[in-house]
1. Please identify the pairs in which a residue from region 296-325 that is under 18 Å from VAL340 (Cβ atoms) and assigned to a loop (DSSP other than H, G, I, E, B) has its Cβ atom under 6 Å from the Cβ atom of a residue that is among the charged types (D, E, K, R) and open to solvent by 40 Å² or more (accessible area, probe 1.4 Å), counting only partners at least 6 apart or on another chain.
2. For region 1-56, give me every one of the helices (runs of 4 or more DSSP H) that falls completely inside it and has 1 or more residues that are open to solvent by 50 Å² or more (accessible area, probe 1.4 Å) and not charged (D, E, K, R).
3. Could you list, in sequence order, the residues of region 77-93 that are over 14 Å from LEU59 (Cα atoms) and crowded, with 16+ Cβ neighbours inside 10 Å?
4. For region 195-214, which positions are near the ligand (Cβ under 8 Å from one of its atoms) and in a helix (DSSP H, G or I)?
5. Restricting the first residue to region 157-168 and requiring it to be open to solvent by 40 Å² or more (accessible area, probe 1.4 Å), which pairs with a second residue that is more than 11 Å from the ligand (Cβ to nearest atom) and of a type in the set (A, V, I, L, M) meet a Cβ separation below 7 Å and a spacing of at least six or different chains?
6. Considering only region 343-361, state which residues are more than 17 Å from LEU307 (Cβ to Cβ), of a type outside the set (A, V, I, L, M, F, W, C) and away from the ligand (no atom under 16 Å from the Cβ).
7. Run SER240 past the list (1) more than 30 Å from PRO75 (Cβ to Cβ); (2) part of a loop (DSSP other than H, G, I, E, B) and report the number of the one that doesn't hold.
Amino acid sequence: MPRPIEAIIHQPALAHNLQRARDCTPDAQVFAVVKANAYGHGIERVFEAFRAADGFALLDLDEAQRLRDLGWRGPILLLEGCFEARDLELCSRLRLWHAVHCEQQIDWLAMHKTHEPHRVFLKLNSGMNRLGFTPSAFRGAWTRLNALPQVDEISLMTHFSDADGPRGIDRALAVFEEAAADLPGERSLSNSAAVLRHSSRPGVRADWVRAGIMSYGSAPDFPEHDIAHWDLRPTMTLRSKVLAVQALQPGDSVGYGSTFVTERPMRIGIVACGYADGYPRHACHGTPVLVGGRRTATIGRVSMDLLAVDLTDLPQEGAGSEVTLWGQGPQGSVLAIDEVARAAGTIGYELMCAVARRVPVHLDPLV
Ligand SMILES: *Cc1c(COP(=O)(O)O)cnc(C)c1O
């Protein structure tokens, strides 16, 4: 028998969450963001569920190629554009839309030989200070692009730094509105946090939204709001089984470094999951976990292949019991990846992207 750990990708939940983005922004077209191999889910595994999207957005040219190989003929946007001049050849061949965030990318376009002019998304730096033209350079970049025969349509985009938090999007939106005022072209502004939190604002609705993390069943503004609040469903389950049970007496310790010492008699389960599977080693003692669909907590340090869970109050559970590290458990139980991430000092994005290659992945298919 293989080691009992596995990851399940829930296609019905992916489709449901994408529809939530549509419901929040009924007038906008929706890019399903599938960068980083669909946030660790696998592009091929999310594709059917996201077919209802108006387009896909990603970073890597080879991921764009994989989408075309799956038969997707609709829009694909390269969120960071080209990394070198010859990437434009693949953009022409695969009919990719691409972001333009710096002058050098315009230089490459000006030298590019193509029969089919490209659609580009001119990116404004509205305060994130990672990629994009400054407000003062934005209009000049638009004018340069507009003069190129290689370009036939210029859309305008920006990326919010604070859509998930108390700063909000007011300042970035004002910067965008001023820089883009009276420039023609479709607009793309919102990530998941803006879709969920700010869609009722006039001006942010725009033409294209870019739904990433919400489609994967994680709340961008956790713990202020959780997935239940936003009606999102876990799209990835990491589950395993209890391999062994230990009865501890007061003074006994668990795991490397004996960091946890019990003060009372305890029953603990040893689970086939460790940091080499992508479970966070920094998850502190007490991280939530489901055993047989019931909530309990981890104990002591996470090691490479094993971790320990408290079964003291779950006498019916033992060797062979199903353990849900995150996602959908038995009998409709749910453990949001955000809760585990928080206990490990990180965010859902990082955990879902980091499930290890040695974990077999199975599909919960669309019906
Ligand atoms: C990753 C990314 C998104 C999606 O962000 P989420 O927070 O996952 O919704 C949107 N726009 C750009 C430019 C991105 O890089």
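The values are calculated or read from the model by the stated rules, or taken from the named source; none is laboratory data. Only a predicted model underlies this, so the values are computations on that prediction, with no experimental measurement involved. Positions of Cβ are backbone-derived with ideal geometry, glycine not excepted, and every protein chain shown enters the neighbour counts. SASA here: full protein model, heavy atoms, side chains in, ligands and nucleic acids out. Shrake-Rupley method; radii C 1.70, N 1.55, O 1.52, S 1.80 Å.
1. From region 296-325, the pairs are VAL302/ARG281.
2. Those helices (runs of 4 or more DSSP H) span 11-24, 35-39.
3. Scanning region 77-93 gives a single hit, SER92.
4. So in region 195-214, the residues near the ligand (Cβ under 8 Å from one of its atoms) come out as 195, 210-214.
Hits for region 195-214 are VAL195, ILE213, MET214.
5. Taking only residues 6 or more apart or on different chains, the pairs are SER161/ALA172; ASP162/ILE169.
6. Those that are more than 17 Å from LEU307 (Cβ to Cβ), of a type outside the set (A, V, I, L, M, F, W, C) and away from the ligand (no atom under 16 Å from the Cβ): ARG357, PRO360.
7. (2)
Matching residues to (1) open to solvent by 60 Å² or more (accessible area, probe 1.4 Å); (2) outside the structural domain of ALA15 (by TED's automatic domain parsing); (3) within 20 Å of the chain's Cα centre (by Cα):
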position	(1), (2), (3)
LEU290	no, yes, no
LEU307	no, yes, no
GLY332	yes, yes, no
GLU339	no, yes, yes
ILE347	yes, yes, yes
